[in-house]
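Colleague: Got a structure for you, written out below as structure tokens; questions coming shortly.
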Amino acid sequence: MALIVQKYGGTSVGTTERIENVAQRVAQSHARGDRICVTVSAMSGETNRLVDLGNAIDPGADRREADVLLSTGEQVTIALLSMALQKLGCPARSFTGGQAGILTDSAHSKARILDIDATRLHAQLDDGRVCVVAGFQGRDGDGNITTLGRGGSDTTAVALAAALKADECQIYTDVDGVYTTDPRVEPRARRLERITFEEMLEMASLGSKVLQIRAVEMAGKYNVPLRVLSSFEDGPGTLITYEEDGMEQPLISGIAFNRDEAQLTMAGVPDKPGIAHAVLGPIADANIEVDMIVQNVGDDASTDLTFTVHRNDYDRALEIIQRVGQEIGATDVTGDNTIAKLSLVGVGMRSHAGIASQMFEALASVGINIRMISTSEIKISVVVDDKFLELGVRTLHEAFGLAADE
Ligand code: ADP
Ligand code: ASP
Ligand code: MG
């Protein structure tokens, strides 16, 4: 008898009909004799609606209250799914994150799970009931409701799977697996049978929102077998695995992209020790996360420093470096919030030279100018004008032969 954790995302529980469809799937798994713990997201669009409601009162509202508000979306779906399961004759009981024993820190809106006391869930599962747990939420040590950051139900699922020592954690969504790139941008994208934790982590970090980054991190850390599947059709989905020795790795597994970036440049700064700190220190002090950084020294002993931040932080970052630029005598401070980052990911890259030049050649062949480059062992990222994003994705998909066979 297997213990399975299943997670159904917002689109999969977007209407009462869909919730009844999910209930059918859950009831079938339960009828096979497996022990099932389900976690669900809010109905699609609901969390955004709640965010807007809060913003209408006060965009700077107390984050504790914002979490009380946002957590209600998932509370609706656990009740509806439990009702739908009971209607099918499948014994089920709903639990909020706190009731399920999910203990987090107190960082409202981005809380981390510290521990799960699964006693209550175990007792229900032992009694033959399906547990239906609200995703995306927990409670802190003082009993306050917390939320785990957008897309956080994935993390709830993996944390529950780790705590319950589940045999598999199944993430049901509106695509039938992890693809070579977002199928909404490249319809020829191909479903991957498997992808390594390392690659999935890079893909998620570089913008592929099919799984929340933290969920992948946690699955890798606690060795949770993770599978992405469709809630609308049957199929094997994509298994996230460890890299196996001796297994022939594909060169490139996928292409990730991110439109949420903005670029800032400070030019003509005197080249001396401490400049990078003088520029990036105040950015860090303002709690703005920096992604890529490039520094270039010209032959006139001046230096240019370019870096990227999240687009939401662009205005604040520009203001800061305009001020710092004046203080340290930069000749020019510029910014651009119409950029995008495009990344190739693959563990096979480790053992192959020439991937970067092949990437740059492909982008040049369609006239896409590269503005910044950064590499790691298993990824190459470039910054381009955001109007070229779709063209860039499709060009690279073709150049690296990632498309499905026709
Ligand atoms: P859920 O509401 O179920 O959590 P999400 O919208 O968070 O679903 O994630 C599924 C979406 O992720 C898909 O509809 C797809 O557009 C997008 N996506 C981005 N990159 C990929 C990828 N490489 N493979 C599959 N889906 C991807
Ligand atoms: N409902 C939350 C969100 O929209 C969490 C989730 O769906 O995973 O971000
Ligand atoms: Mg999601």
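The values are calculated or read from the model by the stated rules, or taken from the named source; none is laboratory data. Because the structure is a prediction, the values reported are computed rather than measured. Here the Cβ positions follow ideal geometry from the backbone for every residue, glycine too, while neighbour counts run over all protein chains shown. Just so you know, the surface numbers come from the protein's heavy atoms only, side chains and all, with ligands and any DNA or RNA stripped out. Shrake-Rupley method; radii C 1.70, N 1.55, O 1.52, S 1.80 Å.
Colleague: Out of R112, R93, R64, I need the residue that is closer than 17 Å to G151 by Cα and either in contact with a Phe, Trp or Tyr (Cβ under 8 Å, 6 or more places away or on another chain) or modelled with pLDDT of 95 or more (or both). Which one?
Modeller: Values: R93 fails: closer than 17 Å to G151 by Cα; R64 fails: closer than 17 Å to G151 by Cα.
R112 is the lone residue from the list that is closer than 17 Å to G151 by Cα and either in contact with a Phe, Trp or Tyr (Cβ under 8 Å, 6 or more places away or on another chain) or modelled with pLDDT of 95 or more (or both).
Colleague: Suppose we keep only residues that are touching a residue at least 60 places away in the same chain (Cβ under 8 Å) and either under 27 Å from I252 (Cβ atoms) or assigned to a loop (DSSP other than H, G, I, E, B) (or both) within the stretch 136-152. Which one would you say is farthest from ligand 3 (Cβ to nearest atom)?
Modeller: Here the answer is N144.
Colleague: With the requirement that a residue be more than 27 Å from the chain's Cα centre (by Cα) and not aliphatic (A, V, I, L, M), what does the stretch 282-319 give you? Break it down into steps so the answer makes sense when it comes.
Modeller: Taking the stretch 282-319 as the starting set, the residues that turn out to be more than 27 Å from the chain's Cα centre (by Cα) are 282, 295-305, 319.
Within the stretch 282-319, P282, Q295, N296, G298, D299, D300, S302, T303, D304, E319 qualify.
Colleague: Considering only the stretch 33-45, I want to know if a residue exists there that is touching a helix residue (DSSP H, G or I) at 6+ places or on another chain (Cβ under 7 Å) and farther than 19 Å from G9 by Cα.
Modeller: Within the stretch 33-45 (the criterion being touching a helix residue (DSSP H, G or I) at 6+ places or on another chain (Cβ under 7 Å) and farther than 19 Å from G9 by Cα), the answer is yes, since at least one residue qualifies.
Colleague: Open to solvent by less than 50 Å² (accessible area, probe 1.4 Å) and within 23 Å of the chain's Cα centre (by Cα): does that describe D105?
Modeller: Numbers: open to solvent by less than 50 Å² (accessible area, probe 1.4 Å): yes; within 23 Å of the chain's Cα centre (by Cα): yes.
Yes: the conditions hold for D105.
Colleague: Of all residues being open to solvent by less than 30 Å² (accessible area, probe 1.4 Å) and over 18 Å from V228 (Cα atoms) in the stretch 3-20, which is nearest to ligand 2 (Cβ to nearest atom)? Just the residue, please. Walk me through how you get there before you give the answer.
Modeller: Restricting attention to the stretch 3-20, the residues satisfying the condition of being open to solvent by less than 30 Å² (accessible area, probe 1.4 Å) are 3-10, 12-14, 19.
Still in the running and over 18 Å from V228 (Cα atoms): 14, 19.
Working: G14: 11, I19: 15 Å.
Among residues in the stretch 3-20 that are open to solvent by less than 30 Å² (accessible area, probe 1.4 Å) and over 18 Å from V228 (Cα atoms), the one nearest to ligand 2 (Cβ to nearest atom) is G14.
Colleague: Cβ-Cβ distance below 8 Å, separation of 6 or more or different chains: which pairs start in the stretch 117-135 with a residue that is in contact (Cβ under 8 Å) with a residue 24 or more places away in the chain and end on one that is open to solvent by less than 60 Å² (accessible area, probe 1.4 Å) and aromatic (F, W, Y)?
Modeller: Hits for this filter: R120/F95; L121/F95; C131/F95; V132/F95; V133/F95; A134/F95.
Colleague: Which pairs do you get when a residue that is under 17 Å from T241 (Cβ atoms), found in the stretch 169-186, comes within reach of a residue that is polar (S, T, N, Q) and crowded, with 21+ Cβ neighbours inside 10 Å, reach meaning Cβ atoms under 6 angstrom, with the pair 6+ apart or on two chains?
Modeller: Q170/Q6; G177/T238; V178/T238
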